[in-house]
Structure formats: C-alpha cells, structure tokens
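Chemist: Following this message is one structure expressed as structure tokens.
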Amino acid sequence: MPEPISPDAGAGQTPVRLDEVDRKILSLLQQDASLSLDQIADRVGASKTPVWNRIRKLREAGVIRRQVAILDPEALGLEACFFVLIRTSEHDRDWAARFLRALRERPEVVEAHRLAGDIDYILKVQVRNARAYDRFYQSLIGEVKIHNVTALLSMEEIKATSALPIPDGER
C-alpha cells in the first residue's frame, strides 16, 4: 500500500455544523466568490456584519480554504487533458516524498489522487497537446521510478465544477 502523499492525508476532521444561512452563503461563494458583502447579505436576507462574521468563522474553521479565479484552459492554449494512471512497485516514504515533490514541481499536474485498488495514483494533466504530454511523461519517469503508466486523453469534458454539495443539517 503506498504511503499517503500529503502530511494530513487521512486525518479525520469533524464536520462543521452549518445552519441554513451558512449553507446559502457557501452556495453563493462557490458560484461567484467575487460577490460583494452587500450582495451576499442581500441574497441571504441578513445584514453585512453578521454575514461578514459568518464568513470569517467559516474561513477560520477551514470550510473556506481560499478564493481563486477559475481559468479557461482552452483560452490559454491548454487543449489536451490527460488522465494518467500510475502503478508503482515502490511503496516507501522516500519514494513517496520524491514522487510528491515531482508532482508539485509540475504545474501541468492540476490534480493528483492516491487510490485504493489496482492503480496507485491518478493524475489530471492539462497540456497544449500530445507532444507536451510526452515531454511531461519523459521528465516524470526520468525523475521517479514508476512501474506502469497509462495515459487516457479526455475527448470531451462533460462536467467540471469546483462546487461541493453542501450537506443540510440532517445527519
């Protein structure tokens, strides 16, 4: 079994209790984090100060990690998306640390997950074309020993979202 590739991988966290106003705020921010405090307060039916305090508490609790701009890969010329399945015969901490470092140093790796089952890792790699993917691949296998790599080219993105489902108050 491969080692976790992040220090907090697998660390359990107690879910934060959210009320209806918190859920509305989070839903709005997931759709458009550039909304002003006035706009959010108006849409959730509350005044600015309580809404600001809720957002601050959600940040402090780690519910809101950060706010980012989501870019269009095609507008940047990054038209090829590959899902890369990796099997390794190495499972020690040193290998995992080198692998994690190699992934973090490569901006074309936009997601990486350690898996249960026959495949150890899956990467989402966004590049200009197949030639750019091959350069990425050659560089990666030159740096880290990998038993088997399978690359799958996405023909069409059907759904992509950064919005998470927000659980209601029921358990």
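The values are calculated or read from the model by the stated rules, or taken from the named source; none is laboratory data. Because the structure is a prediction, the values reported are computed rather than measured. Glycine also receives a Cβ, built like all others from the backbone with ideal geometry; neighbour counts cover every protein chain displayed. SASA here: full protein model, heavy atoms, side chains in, ligands and nucleic acids out. Shrake-Rupley method; radii C 1.70, N 1.55, O 1.52, S 1.80 Å.
Chemist: So which residue, out of Leu71, Leu28, Leu152, gets the largest mean-square fluctuation from a GNM of the chain using Cα contacts under 10 Å as springs?
Modeler: Leu71
Chemist: Modelled label-to-label distance, Ile122 and Asp19, 7 Å Cα→beta-carbon offset: nm?
Modeler: 3.9 nm
Chemist: Still on this model: To the nearest 10 Å², what's Glu143's accessible area with a 1.4 Å probe?
Modeler: Looks like 80 Å² after rounding.
Chemist: Extending each Cα 7 Å along its Cβ direction at Ile70 and Arg101, get the distance between those two points in nm, one decimal.
Modeler: Roughly 3.4 nm, to one decimal.
Chemist: Separate question: Hey, in the GNM for the chain with a 10 angstrom Cα cutoff, which one of Ala130, Ala112, Ala160 fluctuates hardest?
Modeler: Of the options given, Ala160 has the highest mean-square fluctuation.
Chemist: At a 1.4 Å probe, what is the % contribution of carbon and sulfur to the accessible area of the chain? Walk me through the intermediate numbers first.
Modeler: Values: 5920 of 11920 Å².
Heavy-atom surface of the chain belonging to carbon and sulfur, 1.4 Å probe: 50 percent.
Chemist: Based on the Cβ-Cβ distance of Trp52 and Thr161, what FRET efficiency does E = 1/(1 + (r/R0)^6) give at R0 = 22 Å, to the nearest 0.05?
Modeler: Working: r = 26 Å, r/R0 = 1.19.
My answer for the efficiency is 0.25.
Chemist: So how far, in whole Å, is the C-alpha centre of segment 15-41 from the one of segment 110-141?
Modeler: 34 Å
Chemist: Just to confirm the number: angle between the C-alpha axis of helix 130-143 and the first principal axis of the chain, 0 to 90 degrees, nearest 10?
Modeler: Tilt relative to the chain: about 80 degrees.
Chemist: Could you work out how far apart the two model spin labels at Leu152 and Gln30 are, taking each label as a point 7 Å from the Cα in the direction of the beta carbon, and quote it in nm?
Modeler: Going by the 7 Å Cα→Cβ label model, 2.4 nm.
Chemist: Mind listing the long-range amide H neighbours of Glu108? Cut-off is under 5 Å, sequence gap 5 or more, other chains count too, H placed in the peptide plane at 1.01 Å from N.
Modeler: Amide H to amide H, under 5 Å and 5 or more residues apart or across chains, Glu108 pairs with nothing.
Chemist: Excluding residues fewer than 8 places away in the same chain, name every one of the lysines whose C-alpha is closer than 28 Å to that of Lys57.
Modeler: Within reach: Lys24, Lys48.
Chemist: Show that you can apply the helix-only estimate: for the chain, add -39,500 (n - 2.57) for every DSSP H stretch of four or more residues, divide by all residues, and state [θ] at 222 nm to the nearest 500. Before the final figure, lay out the partial values.
Modeler: Details: 5 runs with 59 residues, N = 171.
Using -39500 (n - 2.57) per qualifying helix, the result is -10500 deg cm²/dmol.
Chemist: Using a Gaussian network model of the chain whose springs link C-alpha atoms within less than 10 Å, name the residue from Gln13, Gln30, Gln126 with the highest mean-square fluctuation.
Modeler: It is Gln13.
Chemist: If you roll a 1.4 Å probe over the heavy atoms of the protein chains, what accessible area per residue do you get for segment 74-154, in Å²? Let's see the in-between values first.
Modeler: Working: 4820 Å² over 81 residues.
Per-residue accessible area for segment 74-154 comes out at 60 Å².
Chemist: What's the angle, to the nearest 10 degrees (0 to 90), between helix 48-60's Cα axis and the longest principal axis of the chain?
Modeler: Helix 48-60 and the main axis of the chain meet at about 30 degrees.
Chemist: Counting heavy atoms of the protein chains only and a 1.4 Å probe, report the per residue accessible area for segment 20-61 as a whole number of Å².
Modeler: Counting only protein heavy atoms, the per-residue value for segment 20-61 is 61 Å².
Chemist: May I pose another question? For segment 74-154, what does the relative contact order come out to in percent, with C-alpha contacts under 8 Å and a separation of six or more? Intermediate results must be reported in sequence, preceding the final value.
Modeler: Details: 117 pairs, mean separation 41.1, N = 81.
Reported as a whole number, the value is 51 percent.
Chemist: At a probe size of 1.4 Å, how large is the accessible area of Arg59, to the nearest 10 Å²?
Modeler: Roll a 1.4 Å probe over it and Arg59 shows about 90 Å².
Chemist: Still on this structure, I have one more. How large is the accessible surface of Ser47 in square angstrom, using a 1.4 angstrom probe and rounding to the nearest 10?
Modeler: 70 Å²
Chemist: Using every Cα-Cα pair within segment 96-171, state what percent have a distance larger than 14 Å. Could the numbers behind the result be given before it?
Modeler: Values: 2014 of 2850 pairs.
The proportion of pairs with Cα distances above 14 Å equals 71 percent.
Chemist: If you wrap a convex hull around the C-alpha atoms of the chain and split its volume per residue, what is the figure in Å³? Before the final figure, lay out the partial values.
Modeler: Numbers: hull volume 26.4 nm³, N = 171.
Normalising the Cα hull of the chain by residue number yields 155 Å³.
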